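What follows is calculated from the coordinates using simple rules that are stated; it is not laboratory data. What you are looking at is a predicted structure, and each value in this text was computed from that prediction instead of being measured. As a convention, Cβ positions derive from the backbone with ideal geometry for all residues, glycine included, and neighbour counts pool all protein chains shown.
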Amino acid sequence: MRLTAEDPAVTAEQFVRSNRDSEYVRLLDNTEARLWSVKKVKEWLEKGFEKETPATFTFSIRILESDRLIGFVGLGGVQWSQGDAWMGIGLGDRQDWGKGYGTDALRVLLRYIFTELNLHRVSLGVFEYNPRALRSYEKAGFRMEGRQRKLYEREGRRWDGIVMGILREEWEQLA
Ligand SMILES: CC(C)(COP(=O)(O)OP(=O)(O)OC[C@H]1O[C@@H](n2cnc3c(N)ncnc32)[C@H](O)[C@@H]1OP(=O)(O)O)[C@@H](O)C(=O)NCCC(=O)NCCS
């Protein structure tokens with residue numbers, strides 16, 4: 001896979017398609033599932049581009065062989081003075097889960113974070129009920145840093161929120 005930049009119209013179409021799957025939304029976000037229009041999302045993305053700050057970096061993920069757009073990976077809340085940021089990732093189609101694309105994209109993003117942005121660490125949040133993401137993050141080198149107990153309500157029960165992170169020196173040891 002490779003990381004790309006796309007026109008807002010292309011990203012909006014992929015976003016809307018992905019968000020039609022409530023399981024995807026459940027794994028990615030703690031907000032309620034909603035249906036969006038391509039027009040609305042495109043406008044929202046364009047507004048974001050206009051005022052995009054250097055604290056946000058978003059990439060699309062495309063498969064090398066077919067050039068199919070399969071998801072996004074991104075970095076937000078960069079605190080340059082602290083060398084810290086938060087990241088997120090989502091592959092929108094279930095058929096692409098479990099094939100190594102996500103972990104691959106994480107590895108590319110980490111290389112960008114540590115060799116281009118020169119940050120010192122990166123954090124992420126993941127739900128207790130998302131073992132695939134937990135495993136993928138672990139494979140990319142993230143470690144568990146904390147647990148917020150019973151933070152989320154899903155399927156009539158409470159679930160923990162998990163915070164993971166990776167330090168530059170840990171990433172250097174992975175190679
Ligand atoms: C999370 C995500 C990015 C991971 O990418 P991916 O390409 O599916 O992950 P990979 O194939 O690289 O690795 C998945 C690992 O989880 C394991 N796994 C899958 N289901 C699992 C389960 N129920 N329990 C434990 N491990 C599981 C796989 O076996 C694999 O580990 P292995 O290589 O040691 O066998 C992707 O699945 C995705 O976008 N999911 C939907 C949205 C989402 O969850 N985003 C993250 C929010 S924090």
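Quick notes on this structure:
- Charge dipole of the range 2-174 (Cα centre as origin; +1 on each Lys and Arg Cβ, -1 on each Asp and Glu Cβ, all else neutral): 480 debye, rounded to the nearest 20.
- Among beta bridges that DSSP assigns inside the chain, antiparallel share in %, nearest 5: 95
- Phi to ³J(HN,Hα) by Karplus 6.51 cos²θ - 1.76 cosθ + 1.60 over the range 13-25, Hz, x for Gly, Pro: 5, 5, 4, 5, 4, 4, 6, 6, 8, 5, 5, 4, 4
- In this simple spin-label model, placing a label point 7 Å from the Cα along the Cα-to-Cβ direction at both Val163 and Arg149 gives a separation of 1.7 nm.
- Taking every alpha-carbon pair under 8 Å whose residues sit at least 6 apart, the chain reaches a relative contact order of 18 percent.
- For the chain, modelled as a GNM whose springs connect Cα atoms under 10 angstrom apart, the maximal fluctuation among Asp96, Asp21, Asp67 occurs at Asp67.
- Enclosed volume per residue, in Å³, of the convex hull spanned by Cα atoms of the chain: 123
- At most 16 other Cβ within 10 Å, DSSP loop - GluC sites (Glu not before Pro), the range 59-157: Glu65, Glu116, Glu155
- Note on the chain: dipole from Cβ charges, positive end direction compared against Val10, Met144, Gly90; the farthest Cα belongs to Met144.
- Loop exposure criterion: trypsin sites (Lys or Arg not before Pro), DSSP state outside H, G, I, E and B, at most 13 other Cβ atoms within 10 Å. Applied to the chain, the longest stretch between such sites is 100-175.
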